[in-house]
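The values are calculated or read from the model by the stated rules, or taken from the named source; none is laboratory data. Computed from a predicted structure; not experimentally measured. For neighbour counting, all protein chains shown are included, and Cβ atoms are generated from backbone atoms with ideal geometry for every residue, glycine included. We work out accessible area using only protein heavy atoms, side chains counted, and drop any ligands, DNA or RNA first. Shrake-Rupley method; radii C 1.70, N 1.55, O 1.52, S 1.80 Å.
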Amino acid sequence: VDSVVLTFTLSLILTPRLPFIGTALTRIIPGALLFLPLTYICHKRLKIPLPYALTLKSVAAAMLMAGMVAYALHLGWHLLVAVFLVAPVIYGLALLVFGVIGRTDLELVSRVFRKTELDIPGENPIQR
């Protein structure tokens, strides 16, 4: 219920002042506020260390992407170009540069697109 109230309040405040960006922030802020404590609780209960460095790198990549999308919109680029071309390219490159995505990840994606069988531990290959 708190998330709904926060989303509604942010929507009333941010959307009139910052139409596209305000609407995006209205959706992101409540999710982030819930994600952080829930992630901490889950990691603590499961006794899994929190990946602080990976998280910071991912956040930095997302902030860079958001900045570039905002800049593209400021330059007058069409919203769809900024969202579907600029955003994924900048985010993907930032993840690569920051070391969030490595060679193993790229090989896995490549294998998926080549439709080769993936070796999943504990699973039997599908008989054809």
Inter-label distance for Val112 and Leu75, nm, one decimal - labels placed 7 Å from Cα along Cα-to-Cβ
2.9 nm
Not counting ligands, DNA or RNA, and with a 1.4 Å probe, what is Ile41's accessible surface area in Å² rounded to the nearest 10?
70 Å²
Distribution output for region 1-74: share of Cα-Cα pairs per 10 Å bin in percent, first bin at 0, values 17, 36, 33, 13, 1
In what order, largest first, do Lys44, Lys57 sit by accessible area if the probe radius is 1.4 Å?
Lys44, Lys57
If you take the Cα atoms of the chain, find Rg, then find the Kirkwood Rh from the mean of 1/r over all pairs, what is Rg/Rh?
1.06
Rounded to 10°, Cα long-axis angle of helix 103-113 versus longest principal axis of the chain
90 degrees
Pairwise label distance in nanometres, Leu12 with Tyr40, each label 7 Å out on the Cα-Cβ vector
2.9 nm
Please report how far the C-alpha centroid of region 1-67 lies from that of region 69-97, rounded to the nearest whole angstrom.
19 Å
Pull out the extension gain between Leu93 and Leu33, defined as 0.36 nm times the separation in residues minus the alpha carbon to alpha carbon distance; nm, one decimal.
19.0 nm
Could you give the dipole magnitude of the chain about its Cα centre, charging the beta-carbon of Lys and Arg +1 and that of Asp and Glu -1, in debye to the nearest 20?
100 debye
